[in-house]
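Student: Below: one structure in structure tokens.
The values are calculated or read from the model by the stated rules, or taken from the named source; none is laboratory data. Source: prediction; values computed, not measured. Every residue, glycine as well, gets a Cβ built from its backbone with ideal geometry; the counts of neighbours run over all protein chains shown. Surface areas here come from the heavy atoms of the whole protein model, side chains and all, with no ligands, DNA or RNA. Shrake-Rupley method; radii C 1.70, N 1.55, O 1.52, S 1.80 Å.
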Amino acid sequence: MPSVDEVQDALTNVIDPELGLDFMELGLVYEVEVDGADVDITFTLTSPGCPIGPQVTEQMKEFVGELDGVQNVNTTMTFNPPWTPDMMSEDAKFALGY
């Protein structure tokens, strides 16, 4: 069974193609839950009109699914609460000049 930290580390491989930063740094991953071999990820996008949702979902399933003990990766996209740049890590804010 992977830890939440291991799942979050795997999610650093999911990159926003427009911003060039990973989903964890951007604050786009809202919640990670691990229940045995099942991992549930709740995430958002920078805007509701962003077209990369299916691509991101597949990447999350791929990278997290490679962790030992993971059998199912379930993703849920939400826009509540809406993402804002304030949710980014300090490193991401610096990189983007925010």
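Student: Using the Kirkwood formula over every pair of different C-alpha atoms, what hydrodynamic radius in Å results for the chain? List each step's numbers first, then the result.
Tutor: Values: mean 1/r = 0.0737 Å⁻¹.
Computed over the chain, the radius equals 13.6 Å.
Student: Can you say what percent of the DSSP beta bridges in the chain, counting only those with both residues inside, are antiparallel? Round to 5.
Tutor: Around 55 percent antiparallel, to the nearest 5.
Student: Would you mind getting the accessible area per residue of the chain, heavy atoms of the protein chains only, 1.4 Å probe, in Å²?
Tutor: Per-residue value: 56 Å².
Student: Follow-up. Nearest 10 degrees, 0 to 90: what angle lies between the long axis of helix 53-65 and the longest principal axis of the chain (Cα atoms)?
Tutor: It works out to around 40 degrees.
Student: Also, I was wondering about something else. Quick one: which of 65-72, 18-25 comes out on top by average Cβ neighbours within 10 Å, and what's the full order, highest first? Before the final figure, lay out the partial values.
Tutor: On the way: 65-72: 12.6, 18-25: 16.2.
For the peptides 65-72, 18-25, the packing ranking is 18-25, 65-72.
Student: Just to be sure I understand the model, the point goes 7 Å from the Cα along the line to the Cβ. What's the resulting Lys93 to Gln71 distance in nm?
Tutor: If labels sit at Lys93 and Gln71, their model points lie 4.2 nm apart.
Student: How much of the accessible area of the chain, probe 1.4 Å, is carbon plus sulfur, in whole percent?
Tutor: Roughly 48 percent, rounded to a whole number.
Student: So, one more: Going by amide H atoms built from the backbone, whose H comes under 5 Å of the H on Thr75, apart from near neighbours?
Tutor: For Thr75, whose amide H was placed from the backbone, the distant partners under 5 Å are Ile41.
Student: How much mean residue ellipticity at 222 nm does the chain get from its helices, if each DSSP H run of length 4 or more adds -39500 (n - 2.57) and you divide by all residues, to the nearest 500 deg cm²/dmol?
Tutor: For the chain, the value works out to -8000 deg cm²/dmol.
Student: Please list 8-14, 79-85 highest first by mean number of surrounding beta-carbon atoms within 10 Å per residue.
Tutor: My ranking of the peptides, most packed first, is 8-14, 79-85.
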